[in-house]
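Structure first, then comments.
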Amino acid sequence: MKRLIALGSALLLLAIVAAWWANSRQPKPIVLIPTLTGKPEYCLTCHSDLPEISKSHPIKTFGCVICHGGEALALNADLAHSTMRGGANPSDLSVVQESCGGSSCHSGTAEQNNNHIQRVLTSVQATYAGAITNILYTYGAEGDLTARFGIRAVADAQVTTSTGVPALQAFDPAGASNPAIQKFAVNCLFCHLNAQPLPGPQFDRLSGCAACHTPGIGSLPPGQIHKLTTAIPYTQCNTCHNRGNYDLRAMAFVPRSDQPQAADRVQNYYQPIAQFTKCEYELDCIDCHTRTEAMGDGDIHSNETQIQYIQCRTCHGTPTQLPSTKMLTDPNDIAFRQAQLNPVVDLELGQTVIVTDKGEPMWNTRVLPDGTYQLVGKATGQVFTFRPVMGSGCTQNGIDQSSAYCHTCHAVQR
Amino acid sequence: MSNLSRRDLFKLITTALLAISGALGLGALFRFLDYQTDPPLKTAFDIGLAEDYPAGSRSLIAEVPALLIHDQNGFSALSLVCTHLGCTIAQNGTGFACPCHGSRYDADGNVLRGPAQKPLRHLRVEVGSDQHVILHTD
Amino acid sequence: MRPTFFHHLHPPTIPARQARWRYTLGAGGTAVFLMLVLGATGALEMFYYIPTPEQAALSIQTISYHVPFGALVRNVHFWAAQLLLIVMGVHLVRVVFTGSYAPPRRFNYLLGLGLFVCAILLDFTGYILRWDQGIGWALVVGTNLIKTIPWIGSPLYLVLTGGSQPGPPTLIRFYTWHIFGLALCAMVLMVWHAFRVRRDGGIAVPPPHLRVDQARINRNELVRREVLAMLLTGAALILFAAFMPAPIAQPITDISAIRGEARAPWFFLWVQQMLKWGDPFIWGVLAPLLVLLMLALIPYILPNPAERELGRWFPASGRPAQIAAAVIALLIIVLTIFGSLPGS
């Protein structure tokens, strides 16, 4: 019996030593107490190798949980990740309000122009209203081209433009009798910022803000890119806008099978008949297309043409008119904030920049003393100089000035 | 080995094993209890722009608590925590008085009357490049 | 030396035949040890556990992941609680199968049964204290079952949850029941039960003149056996706890949006299985109460074993009781197995 008790004691000691050993094997928790929340989070225990997401979101201030959600205290990967907002993409529009919104952040300010989340939710890139409307109209389900449906229901309390509509219902193909509309609903509602992304990790984060502001996100597995930027290269736009072509007869989307090659941009575009001038394939998309065009103006529009207004003449003017310009005299001008977020130019008070029809400063341009203009690539920092049309040999009349007319002479051979 | 000593040996082994187990258990118990759940106390306080505290001013900063003094030598700060047992002292005439046990300090923080024995602590004051005044309590 | 409670429980000698493992299975003693372990680890958990809906699951995460040896303490508490129900079940079955419930032990049998009920309620309330997605449905279903009782259902629900749906008052009530109300009951019953064991003449044995084997063991031997059982149980618990974590899930943030585990805790799987058969009051409340009543009535309505047959397994004169207990145990085990099958 005494021997058994000695043995039992040995077993107990063994168990306690094993418990100490198991305890010492626990990962050493790395705590982070972001100044914004003041609550400890332990994500860095495993994720200390991630780069800072952007200059505007330092981890010491924001931490991880305020954007990503998740269980801040858990050291078990499954539990820690179980409540993450939007899974791999906290900026998915279904959760964006909690992740990126808030009055100090990207929504909720009184000024409509600053409520980026509402702007994106109402923009054609999110609603897909143009395509839905056109299909319904073409197949006779609707009598005009005014949008009534989006991928999800959305409303705008403050219509400010003549083409804005107050609200869209969620498009529900259940009532549609036409098989083409049914097919459209099955095959074509995956892209666009507010859609349920296609299955597969490469599509997980191609919705919401990340679709544009996290370049490279579609091409790499989750977790490899941790970045938010306003310097969006054309390659990121191409992730969606050069992904393939529509087949209207089959009412399907045909993804391209060839791999687009960055070196040969103009040949690479999915539509063989599309025409481009040199600047359209040498610059990045965002060098010309402004944030209002891309993210909307806060109104719900029926199609893309109602919100796309940058034309060749925005920068080049017409044979009879120089492009609109504006001298930056207000230190609170949005141009300075944009230049600070993407510091490719040293913008100074008193500089003159080109402005769009809607009065937005093209903050990456400037008027040079000799009457020519300069544009700095927002994603590349590359400097371009260009001349106005006025004073050149261009004989195009002053009324027909959309880019299609310019392409007649200036498009490159593809 | 005789029967008796053999029994003693087992007893000894058992006692030793249980003693080690007990010691390890007590160690684990101590480590279990010795864990801080709340985040460490704040030691740096940003109290706003330096221009809000003009020369010659003596400003009470309640959240620290401290008295920020701006005189000809620049900024300095006195902790308003009594050096006796940690109560927050209140201004009393030109000096300070502790409500708990009646310690008195003069305007520079020197002890006028016990039971406190040490003068008030001077806090480190830092004016950052953005002209914000930071008080450090560590 | 004045006899102490310890001496009361450990008389100078006891019959050797009935002190053997293969007779007692060591179940009663192990149950006492487990209850002591549960008290100690539970007290330690109270240093960190915060009984509010916002903080409960988070404080358990703190215990499990951050407090040194916190996971060990919580896991020992968890495994000891699970083991306690099994050990108590074994003890109950042993008592019936050996006929030990016969007078004068009838009352102590009821005390033991009360202790068992206390332990089940302690397990359930402790389970609810996690306040995470894993327990959400058990909480909703368990409390809604009370509502189905005619007449007193609604007031009883209020007594239990402190509101019209599970919320902050529910958690604090379950907490108080767990650490105080039920724990106190269990402690009183445990001491009383142990005290009565001796008062009723120790482990059931035939009267001296009918004993086959007159050998006895002394107090020291008994204590040694108990120590050995404690050492082995303790070692097993610690090993289990060090490598098998207790379940944990995401905190409940909205009681009306529970999306976790829909299965009852294992000790109520048999009730959950019966609930699929129909009326929740009949199958979820009456049936378990009936099982309890039948167990309680065994010493009172079924024939008691003869004196000379005491102190051994399966006395012929206790056959009806043995069969009744076996049928109940088998039913519960089968229902539990069915309830645990995936997709059930």
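State which stretch of chain A is the longest one without any exposed GluC sites (Glu not before Pro), exposure meaning a DSSP loop state and at most 15 other Cβ atoms within 10 Å. Please report the intermediate quantities before stating the final value.
Details: sites that count: A:52, A:111, A:348.
Here the longest segment lacking exposed loop sites spans A:112-347.
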FRET efficiency, residue C:191 to residue B:121 (Cβ-Cβ, R0 45 Å, nearest 0.05): 0.25
Nonlocal amide H pairs with residue B:66, under 5 Å, H built at 1.01 Å: B:61, B:80
Formal net charge of residues neighbouring residue A:43 (Cβ-Cβ distance under 15 Å; K, R +1; D, E -1): -1
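Give me the net charge for the shell around residue A:319: Cβ to Cβ below 12 angstrom, other residues only, Lys and Arg +1, Asp and Glu -1. Kindly include the intermediate steps, with their values, before the conclusion.
Numbers: positive: A:313; negative: A:400.
Neighbourhood net charge equals 0.
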Under 20 Å from the Cα of residue B:11 - lysines, other chains or at least 8 residues apart: A:2
C-alpha long axis of helix C:70-97 to longest principal axis of chain C, angle in °: 40 degrees
Principal axis dimensions, largest first and in whole angstrom, of the protein assembly as shown by Cα: 132, 90, 66
Helix A:2-25 axis, angle to chain A major axis (alpha carbon atoms, nearest 10°): 20 degrees
C-alpha center-to-center spacing [the range C:41-113, the range A:35-111] in angstrom: 38 Å
Unmatched cysteines, chain B - criterion: no other Cβ of a Cys under 4.7 angstrom: none
Mean shadow area of the range A:116-257, taken as a quarter of the surface of its Cα convex hull (nm²): 9.6 nm²
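Please get the size of the charge dipole for the range B:70-138, origin at its Cα centre, with Cβ charges of +1 on Lys and Arg and -1 on Asp and Glu, quoted in debye to the nearest 20.
Details: 5 positive and 6 negative charges, 75 e Å.
Result for the range B:70-138 is approximately 360 debye, rounded to the nearest 20.
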Unit charges at the beta carbon, dipole of the range A:116-257: most positive-side option, A:248, A:137, A:171: A:248
If the convex hull is drawn through the Cα atoms of chain C, its volume per residue in Å³: 152 Å³
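Add -39500 (n - 2.57) for each DSSP H run of 4 or more in chain A, then divide by its residues: what number comes out at 222 nm, to the nearest 500 deg cm²/dmol?
Values: 19 runs with 128 residues, N = 414.
Mean residue ellipticity, 222 nm, calculated: -7500 deg cm²/dmol.
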Cα lying deepest toward the dipole's positive end in chain C, options C:168, C:215, C:72, charges on Cβ: C:215
C-alpha long axis of helix C:136-147 to longest principal axis of chain C, angle in °: 70 degrees
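I'd like the antiparallel share, as a percent to the nearest 5, of DSSP beta bridges with both residues in the protein assembly as shown. Intermediate results must be reported in sequence, preceding the final value.
Numbers: 53 of 55 bridges.
Of those bridges, close to 95 percent are antiparallel.
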Residue among A:59, A:132, A:354 with the largest mean-square fluctuation in a Gaussian network model of chain A, springs linking Cα atoms under 10 Å: A:59
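For residue A:164, what charge total do you get from the other residues with a beta carbon under 13 Å from its beta carbon, if Lys and Arg give +1 and Asp and Glu give -1? Walk me through the intermediate numbers first.
Values: positive: A:119; negative: A:156, A:297, A:299.
Neighbour charge sum, excluding residue A:164 itself: -2.
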Cα-centred dipole magnitude for chain C, charges only on beta-carbon of K, R (+1) and D, E (-1), debye, nearest 20: 1220 debye
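Mind putting a number on the dipole of the range C:1-143 about its Cα centre? Charges go on the C-beta only, +1 for Lys and Arg and -1 for Asp and Glu, and I need it in Debye to the nearest 20.
Values: 9 positive and 4 negative charges, 178 e Å.
Dipole of the range C:1-143, to the nearest 20 debye: 860 debye.
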Cross-link table A:55/A:326; A:60/A:227; A:60/A:378, entries beyond 21 Å C-alpha to C-alpha: A:55/A:326; A:60/A:378
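Shape of the range A:254-318 from its Cα gyration tensor (a ≥ b ≥ c, root eigenvalues): rounded if a/c is under 1.5, otherwise prolate when a/b > b/c, or oblate?
It is oblate, given that a/c is not under 1.5 and a/b is not larger than b/c.
Every number here is computed from the coordinates shown, using simple stated rules; none is lab data. In this text, all values refer to a predicted model and were calculated from it rather than measured experimentally. Counting neighbours? That spans all protein chains shown, and the Cβs are built from the backbone with ideal geometry, glycine included.
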